[in-house]
Amino acid sequence: MKISPAFRSVAVATIAAAGISFASAAHADSGTIRFAVYKAAFFVGGSGGEGTLTFHGRRYPVSIGGISGGLAFGASKTYFQGTVTHIRRAQDVSGIYGAAGGGGAVGKGAQMIVMTNDKGAQLELTGRQVGLQVNADISGLSITVK
């Protein structure tokens with residue numbers, strides 16, 4: 001059975017591209033992150049906080065900032081912890097993360113969120129919220145690794 005040179009070239013190129021994609025994904029790594037966020041809102045809200053990223057056994061301070069708009073009011077403090085995946089270096093965590101959703105807490109409440117930034121870093125977080133907060137909004141969260 002003869003295989004045409006054009007078909008062979010396309011097959012080799014496809015296999016090579018798949019190998020490069022797989023190798024890139026295989027070199028991505030993960031770390032853990034924890035931070036506290038203070039949030040206050042009356043239709044337009046703001047948030048800020050700080051925490052720590054642990055990556056390859058080293059701790060990096062992170063700062064958090066954000067805005068939200070929509071139906072939102074109240075004030076709260078949320079303690080988040082979780083994992084960050086699809087990163088090659090600590091600075092890949094820096095960036096803007098977006099989320100849309102709703103929820104609320106009176107006193108204590110729990111939250112879970114998954115967000116991705118423009119570099120592909122994915123945060124999978126669980127949180128414990130304290131305060132009075134009701135929201136149905138669109139939020140943006142900025143994380144900076146110092």
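The values are calculated or read from the model by the stated rules, or taken from the named source; none is laboratory data. Keep in mind the model is a prediction, meaning the values are calculated, not measured. Glycine also receives a Cβ, built like all others from the backbone with ideal geometry; neighbour counts cover every protein chain displayed.
Numbers for the structure displayed
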| item | result |
| --- | --- |
| Residue within region 52-64 that is polar (S, T, N, Q), modelled with pLDDT under 85 and either surrounded by 15 or more Cβ atoms within 10 Å (Cβ to Cβ) or in a strand (DSSP E or B) (or both) present | no |
| Answer residue from region 93-111, given it is closer than 16 Å to ALA75 by Cα and surrounded by fewer than 14 Cβ atoms within 10 Å (Cβ to Cβ) and is modelled with the highest pLDDT among those | ALA110 |
| Hey, VAL114 at pLDDT 95 or above and touching a Leu at 6+ places or on another chain (Cβ under 8 Å) or not | no |
| Residues satisfying the stated conditions in region 125-146, i.e. at pLDDT 80 or above and either surrounded by 16 or more Cβ atoms within 10 Å (Cβ to Cβ) or within 12 Å of GLY45 (Cα to Cα) (or both) | LEU125, GLY127, LEU141, SER142, ILE143, VAL145 |
